[in-house]
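K.L.:
Sharing a structure below in structure tokens format, with a few things to ask.
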Amino acid sequence: MKLELTHLQDCFIIKEDVFEDSRGYFMETFNQKQFNALTNLDLEFVQDNQSRSSKGVLRGLHFQIGESAQAKLVRVLEGAVLDVAVDLRKDSPSFGRHIEIELTSDNHKQLFIPAGFAHGFVVLSDFATFFYKVDKYYHPGNESGIVYNDIDLNIDWKIPVHNLKLSEKDKSLGTFKDLLNSM
């Protein structure tokens, strides 16, 4: 397991050793001891989630508020996505900034997103199977989000807007300024 720092505080790219031969490949996708030692975190993941989506599906930007705020470790099992994380921690030096990273079943990269971030992804391939671990259980009453096309965040989702597929809920999320005004 190798850790790569990003420009967002506490947000890391993780690369696993992949052993390939003519039969395919093998990799250890997660090791709690190694993860905690490399990140200097004392996290325990309590739930795994998985989704499969078609090209152009955009899920996000979502986050849990208060005591329900979740840290996530995300990766792609099939296909390719553009993954986006936004730092919403007011005291963080990277507050309001975001990272965009392509996660694919071929590059085997994972992204660790600390609690206090908004998260979303858009599917770039025909289909993608997205997998993530969280350190807190999901609480529907503590769910929140920021609209995908927020002017202040100015995220380039790499897909033309007319090709995006969003849920009605994701289309009606508030803006980053709305969030700031409520903090």
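K.L.:
Return the only residue of 149, 181 being in a loop (DSSP other than H, G, I, E, B) and free of Cβ contacts under 8 Å to residues at least 24 places away in the same chain.
P.N.:
Going through 149, 181 in turn, just one is in a loop (DSSP other than H, G, I, E, B) and free of Cβ contacts under 8 Å to residues at least 24 places away in the same chain: 149.
K.L.:
Then there is this: Identify all residues within the stretch 38-67 that are part of a loop (DSSP other than H, G, I, E, B), within 12 Å of residue 136 (Cα to Cα) and not acidic (Asp, Glu); write none if there are none.
P.N.:
43, 45, 46, 65
K.L.:
Return a yes/no flag: does the stretch 74-81 have any residue that is touching a residue at least 12 places away in the same chain (Cβ under 8 Å), under 13 Å from residue 113 (Cα atoms) and acidic (Asp, Glu).
P.N.:
Checked against the condition, which is being touching a residue at least 12 places away in the same chain (Cβ under 8 Å), under 13 Å from residue 113 (Cα atoms) and acidic (Asp, Glu), the stretch 74-81 yields no hits at all.
K.L.:
Here's something else I'd like to know. Filter the stretch 19-46 down to the residues that are of a type in the set (S, T, N, Q) and at pLDDT below 95, then identify the one that is surrounded by the fewest Cβ atoms within 10 Å (Cβ to Cβ).
P.N.:
40
The values are calculated or read from the model by the stated rules, or taken from the named source; none is laboratory data. Treat the numbers as computed from the prediction; the structure is a model and nothing was measured. As a convention, Cβ positions derive from the backbone with ideal geometry for all residues, glycine included, and neighbour counts pool all protein chains shown.
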